[in-house]
Each structure stands twice: as structure tokens, then as C-alpha cells.
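This report concerns only the one structure given below.
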Amino acid sequence: MGILQNILEQFINGLRSGSIYALIALGYTMVYGIAKMINFAHGDIIMVGAYALYVGLSILHLPAILAILLSLVVCTIFGVVIERVAYKPLRSAPPLAVLITAIGVSFLLQSVSLLIFGATPIPQESIVKFAGIKIGGLSISGITVVTLIVTTICMISLTWFIQKTKMGSAMRAVAEDKGAAELMGIDVNKTISLTFAIGSALASIAGILYVCQYQSLKPTLGAMPGIKAFVAAVLGGIGSVPGAMLGGIILGLIESLSKAYISTELSDAIVFGILVLVLLIKPSGLLGKIRKEKV
Amino acid sequence: MKNKQIDKQLIKNLAIIVIVFAAIEFLLYGDLLTRQFRSLLIPVCINVILAVSLNLTTGFLGELTLGHAGFMSVGAYTGALVTMNLNLPMIIEFPIALIAGGLVASLFGVIIGVPVLRLRGDYLAIVTLAFGEIIKSIINSLKITNGAMGLSNIELHGNYKNFGYVFFLTVITIFAIKNMVNSRQGRAVCSIRDNYIAAEAVGINVSKFKVMAFVVAAFFAGIAGVIYGHNVGTLKPTTFDYNKSIEILVIVVLGGMGSIKGSVIAAIILTILPEMLRSADEFRMFLYAVVLIAMMIFNSSQIKQRILSSDIFLKLKKTKKEA
């Protein structure tokens with residue numbers, strides 16, 4: 001019983017962190033599908049969301065709902081502005097230039113928050129006051145329950161949005177073929193901005209959940225989850241929305257189980273080792289499409 | 001005719017190197033440098049080696065690698081372990097450490113280079129980043145590297161007292177990479193950057209040259225790591241993180257990807273400038289970020305084209321050529 005319970009607990013932990021990774025991975029995958037670039041700064045949008053929540057709660061003393069809204073709005077604006085200012089001028093530039101710019105933006109966000117908030121971690125109480133539930137001998141913390149519910153809602157509504165709405169089909173069309181979509185009367189620039197907006201909003205939700213979990217803020221808090229979420233996106237097949245969800249959850253489970261049963265120090269190495277393996281064996285990921293490169 | 005030109009260039013370069021070296025040695029032995037400047041001599045050399053070697057993969061091969069600090073850390077730890085266990089005089093021990101560090105780092109270059117053969121662009125960048133992190137977390141968990149505590153009391157073979165040594169190594173690195181780039185191999189590497197399908201079509205073994213570029217870059221990064229370890233005297237896994245890789249990348253980007261001279265100049269500036277502006281240290285990262293973004297947008301914007309094709313610029317170029 002004891003071992004089984006332990007495994008189950010680790011499993012739920014993994015599900016929690018995995019669903020946060022999935023939320024972030026969705027942003028990577030959507031942006032990659034449409035703009036064909038890795039938005040390295042995506043991880044740092046999580047950090048922006050977390051700090052925006054902190055500013056709303058502890059400095060402006062807003063109620064929790066308004067603080068969450070503030071964080072969402074700030075992140076969305078950041079996402080769209082970053083795209084407009086840094087990535088749009090480079091749309092026809094070589095991929096290397098775009099990648100370096102994205103790294104620059106990521107660094108910029110980190111250093112600006114370092115300048116404003118300092119390097120010492122800021123404690124931030126969780127906004128989830130729900131105590132958690134007990135099933136048999138198994139106790140699940142409140143934040144875990146909330147995280148699972150919120151991410152499920154986000155994923156369902158995102159899938160609905162992409163599949164059923166007009167803007168969603170515009171996004172799919174642009175991802176398929178930018179030129180043809182433009183000829184069909186789709187505003188490509190607007191669609192790309194929308195993608196960045198949605199991705200950043202999801203990242204802000206992930207940031208809020210992350211802060212509620214770890215209850216401390218520092219300028220580099222988004223870097224690690226960001227990179228791991230990218231691994232998740234690649235694992236699931238970059239460009240594929242269901243793939244990002246699946247990849248995130250698998251990655252969370254692997255990380256939590258290897259932390260518990262193999263080694264805490266090596267868990268990062270294992271996570272990145274998986275990335276290398278996936279790219280070696282099946283570079284298109286679990287659910288990704290294979291695209292042949294033409295001359 | 002062409003040979004003569006190359007000879008002239010070579011003699012000019014050698015003259016510059018000898019003059020620079022003599023000037024620095026004079027300042028060192030005359031004790032004319034402040035402590036601050038003296039402590040900067042070796043880091044400048046280290047950064048030059050790192051930037052020039054990273055330029056080989058990023059500038060000439062055209063693949064972004066984000067794990068250069070990983071290679072550096074492998075070299076640094078290997079070198080430090082060699083000198084700590086060998087107890088021989090410096091003149092024997094240090095070269096062994098350098099070669100061992102370089103070789104082990106280039107072994108890692110092979111290990112990393114082979115999987116990345118199938119990858120290009122974004123994926124490759126991420127995999128090198130992942131490898132950097134893997135190396136860091138393995139060093140963090142190994143006993144021989146003393147885990148998170150790191151190594152300390154490494155013999156200071158690479159400090160300013162042995163500046164001649166380090167300077168010599170730096171010059172060798174620059175010459176080796178420069179010659180390689182101008183050779184048949186280098187042209188093959190550049191052709192992969194410009195159009196890998198075309199390169200493949202004319203019979204260039206893309207995989208071979210890709211791995212070669214990785215291995216050579218890793219070798220020199222390892223040597224830079226050995227010098228670093230023997231200059232500072234202590235090693236910690238956290239020193240060689242992602243930020244360190246980015247720092248080297250900033251040097252390469254600022255100096256101009258594919259320009260060795262640019263890398264050298266940028267490495268000197270970007271090592272000395274932050275020290276001079278110690279009081280504004282928090283702004284260093286901020287500046288790096290701005291440099292990266294601004295350089296990329298400037299490079300692909302209309303402004304650069306206009307400046308390059310403007311009359312004044314063309315005139316300047318002409319007068320320079322005539323002189």
C-alpha cells in the first residue's frame with residue numbers, strides 16, 4: 001500500500017507540473033506552427049505574468065481576480081508588442097537571425113525585471129485558498145486540483161477555438177501556407193499577432209499557477225520551465241496542438257518519477273536526454289507531421 | 001602575385017602580434033599596470049579563444065550553438081583534475097592539462113556533433129543547449145568533480161605571470177581557425193552554411209564537415225576552459241551555465257558572424273568595458289540583450305543597405321583601397 005500510494009502521489013505531482021508544461025508548450029507550438037520560429041522569450045513571459053500578479057496583489061492591493069486579469073492583460077500586450085517590434089522586421093531574415101533576436105528578447109526581459117525587482121527572490125503567497133481533498137489515504141493539495149481544472153478548461157477551449165471558430169481556421173490556414181492564406185483574404189499579420197496574444201495569455205496562466213506552487217519570484221523563474229516546455233513541445237511534435245498537451249504531461253510525469261526514484265540532480269539531465277533521443281529517433285515528435293524539404 | 005600578397009599580410013599580422021605582445025610584456029614587467037588591468041589580461045585572451053572558436057560553428061558553419069560553455073566546463077574540469085593529480089613542474093604539467101582538456105572537450109564535440117547531424121537551425125540550437133545543461137547537471141552530481149561545491153586550490157598556471165604562454169595559445173588559436181577557414185575544409189564549411197543542398201549536390205560530405213567544425217570549436221573551447229581554471233583557481237558548475245554561452249554569442253554577434261578579426265576586437269572590448277563600468281554592472285546583461293536585438297534588426301533592415309550603398313560610404317571604401 002505504501003509504495004503504491006507513493007507512486008500515485010508522484011504521479012499526481014507529475015500530472016500537475018506536466019499540465020503547466022503543457023500550457024507553456026502550447027504557446028511554443030502555436031507560434032512555431034505559424035511563424036516558423038522558436039520564441040525563446042516565451043519562457044520569460046511566464047516570469048512577466050508572475051511579476052504582474054505580484055504587482056497586482058502586493059503593490060496595488062487588488063483583489064485576486066483583478067490581479068489575475070492584470071497579469072493576463074500585461075502578458076498579452078507583451079507578447080504582441082514583442083512580435084511587432086522584434087520579430088516582424090525579421091520575417092524574411094535567415095532563421096539564425098530570428099533565433100538570436102529571440103534569445104536577445106529573452107535576455108532583455110530577464111535583465112529588465114532584474115533591474116526593477118532585484119535579484120533577491122520575492123515571496124508571494126498563493127492565491128489558492130482551497131485546502132485540498134483526500135481520497136482514501138491519498139491527499140491532493142488545493143493547488144494541484146486547481147491547476148488540473150484550469151489547464152483542462154484552457155485546453156478544451158483552445159481546441160474548440162482552433163477547430164470551430166473563424167479565427168481558428170484562419171490560424172490553421174496561415175500555419176499551412178502563408179502565401180495562399182493571404183490570397184484567400186486572411187490578414188496574416190493580424191493572425192500572427194493573435195497567435196502571440198493567445199500563447200502569451202496561456203503563459204501568464206502558467207506563470208500564475210507556477211507562482212502559487214512555488215510561492216517565490218525571481219527574474220529567471222521562467223527560463224527553466226520555458227526550456228522544459230519546449231522539450232515537451234518537441235516531444236509531442238512541434239506545430240501540433242494535441243501533441244503539446246500530450247508531450248507536456250508525459251514530460252511532467254517523467255520528471256517527477258525520475259526525481260523521486262532515480263536522482264534529483266540528474267532529473268534535468270534525464271529530461272534533456274529525452275529531447276535528444278526524440279530528435280534522434282523521431283524528429284517530428286509523437287504527433288507531428290513530417291515535412292519534406294524541397295529545393 | 002597572390003602569394004606575395006599573402007606573405008605581406010602574414011608579415012603584417014606577425015608584426016602586429018609581436019608589437020602587442022612586447023607592449024604588454026613591457027607594461028607587465030615594468031609594473032605599470034593597475035591590478036585591475038593586470039587581472040583582465042587573461043580573461044581577454046580566454047574570451048578571444050572562446051569567441052573565435054564559437055565563430056567557427058556560428059559564423060562559418062551557420063549553426064547556432066548554445067552549449068559552448070559546456071565544452072569550456074569539460075575542458076576546465078579535465079585540466080584542473082590533471083594538474084591537481086600530477087604534481088609535476090608547471091612546464092610539463094600545464095601543456096598536458098591543456099591537451100587533455102582540449103581532447104576531452106573535443107570528444108564531447110563528437111558526442112554532440114553526431115546526433116546533431118540530422119538537425120539544423122532551431123532544433124540544433126536547442127539540442128546544444130540541452131547538452132550544455134546535461135553536462136552541467138552531470139558535473140553537479142559526480143564525485144570526482146566535487147559536485148556543487150566545485151574544485152578549489154587549482155594551481156595558478158594560467159595567471160598573468162604566465163601571460164606569454166596564454167598569449168601564445170591565443171595567437172595559435174586565431175591562426176589555426178583562420179587557416180582552417182581559408183582552406184579547402186573551411187570553404188566546404190562555408191558552403192554548407194550558404195546552401196547545404198547545393199553543397200551536398202557538388203559532393204561535399206556535409207556530415208563530416210559539420211562534425212569537424214564542432215570538434216575543432218569544442219577543442220579550443222576546452223583549452224579556454226583549462227586556462228580559465230588555472231587563472232581563477234576555483235571551478236563551480238554554475239559558472240558554465242547558459243548565460244556564459246550567451247555571453248560568448250554576444251561577442252561573436254557584435255564582432256560580426258564570420259569575421260575573426262571582429263571576434264577578436266569584440267572580445268577585447270566586451271571584456272574590458274564591463275570592468276571599466278563596474279558601477280553599472282546591473283546594466284551589463286541589459287546591454288547585451290539590446291546589442292543582440294539591435295544588431296539583428298539592423299543587419300536585415302533597409303538602413304544597412306542604404307548606408308552601404310550611399311555615396312559617402314562608397315567614396316570612403318574607394319579611398320581606403322587606393323591608400
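Table for the structure above
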{"quantity": "Highest-MSF residue in chain A out of A:24, A:34, A:122 [GNM, Cα springs under 10 Å]", "calculated": "A:122"}
{"quantity": "Portion, in percent, of the accessible area of segment A:24-222 that falls on carbon or sulfur, probe 1.4 Å", "calculated": "69"}
{"quantity": "Euclidean distance of C-alpha centroids, segment B:183-220 and segment B:146-160, integer Å", "calculated": "36"}
{"quantity": "Accessible area in the full protein assembly, largest first, 1.4 Å probe, for A:165, B:34", "calculated": "B:34, A:165"}
{"quantity": "Hypothetical label at residue A:138: residues of segment A:10-50 whose amide nitrogen lies under 17 Å (7 Å Cα-Cβ projection)", "calculated": "A:10-19"}
{"quantity": "For segment A:24-222: relative contact order, % (alpha-carbon pairs under 8 angstrom, 6 or more apart)", "calculated": "41"}
{"quantity": "With all protein chains modelled, accessible area of residue A:241 [1.4 Å, Å²]", "calculated": "30"}
{"quantity": "Of A:190/A:228; A:129/B:244; A:190/B:304; A:282/B:304; A:228/B:161; A:218/B:178, pairs whose Cα-Cα distance is over 32 Å", "calculated": "A:129/B:244; A:282/B:304; A:228/B:161; A:218/B:178"}
{"quantity": "Length gained when the stretch residue B:27-residue B:200 is fully extended (0.36 nm per residue, less Cα-Cα span)", "calculated": "57.1 nm"}
{"quantity": "Segment B:33-242 - percent relative contact order, Cα under 8 Å, separation 6 or more", "calculated": "45"}
{"quantity": "Per residue accessible area in Å² of chain A, where ligands, DNA and RNA are left out and the probe is 1.4 Å", "calculated": "44"}
{"quantity": "For chain B, calculated [θ]222 nm from helices alone, where every DSSP H run of n ≥ 4 adds -39500 (n - 2.57)", "calculated": "-25500 deg cm²/dmol"}
{"quantity": "Overall Cα dimensions of segment A:1-152 - principal axes, largest extent first, Å", "calculated": "58, 36, 26"}
{"quantity": "For chain B, with +1 on Lys and Arg beta carbons and -1 on Asp and Glu, the positive-most of B:173, B:217, B:305 along the dipole", "calculated": "B:305"}
{"quantity": "Unit charges at the beta carbon, dipole of the protein assembly as shown: most positive-side option, A:188, A:11, B:97", "calculated": "A:188"}
{"quantity": "Positive-end residue of A:245, A:43, A:66, charge dipole of chain A with Cβ unit charges", "calculated": "A:245"}
{"quantity": "All aspartates and glutamates inside 19 Å of residue B:208 as judged from Cα atoms, apart from same-chain residues fewer than 8 positions distant", "calculated": "B:63, B:194, B:200"}
{"quantity": "Buried accessible area, chains B and A (both chains, 1.4 Å probe, Å² to nearest 100)", "calculated": "3700"}
{"quantity": "In Å², nearest 10: area of residue B:81 left accessible to a 1.4 Å probe", "calculated": "40"}
{"quantity": "For chain A, size of Cβ-based charge dipole, Lys and Arg +1, Asp and Glu -1, in debye", "calculated": "580"}
{"quantity": "Helix-only mean residue ellipticity at 222 nm for chain A, each DSSP H run of n ≥ 4 adding -39500 (n - 2.57), per residue, nearest 500", "calculated": "-24000 deg cm²/dmol"}
{"quantity": "Accessible-area value, residue B:208, 1.4 Å probe, nucleic acids and ligands omitted, Å²", "calculated": "120"}
{"quantity": "Rounded to 10°, Cα long-axis angle of helix A:166-176 versus longest principal axis of chain A", "calculated": "70"}
{"quantity": "Only Lys, Arg (+1) and Asp, Glu (-1) charged, at Cβ; segment B:65-209 dipole about Cα centre in debye", "calculated": "260"}
{"quantity": "In degrees, nearest ten, helix A:142-164 long axis to first principal axis of chain A (Cα)", "calculated": "20"}
{"quantity": "In degrees, nearest ten, helix A:188-214 long axis to first principal axis of chain A (Cα)", "calculated": "10"}
{"quantity": "Sequence of A:69, A:15 from largest to smallest accessible area, 1.4 Å probe", "calculated": "A:69, A:15"}
{"quantity": "Aspartates and glutamates whose Cα lies under 17 Å from that of residue A:259, excluding same-chain neighbours fewer than 8 positions away", "calculated": "A:9, A:268, B:133"}
{"quantity": "Cross-link partners of residue A:88 among aspartates and glutamates (Cα-Cα below 15 Å; sequence separation of 8 or more within a chain)", "calculated": "A:187"}
{"quantity": "Square roots of 5 times each gyration tensor eigenvalue, C-alpha, the protein assembly as shown, largest first, Å", "calculated": "43, 30, 24"}
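The values are calculated or read from the model by the stated rules, or taken from the named source; none is laboratory data. Quick caveat: nothing in here was measured; it's all calculated off a predicted structure. When we count neighbours, we look across all protein chains shown, and the Cβ atoms used for this are built from the backbone with ideal geometry, even at glycine. When the accessible area is computed, the model is the full protein with side chains, heavy atoms only, and any ligands, DNA or RNA have been set aside. Shrake-Rupley method; radii C 1.70, N 1.55, O 1.52, S 1.80 Å.
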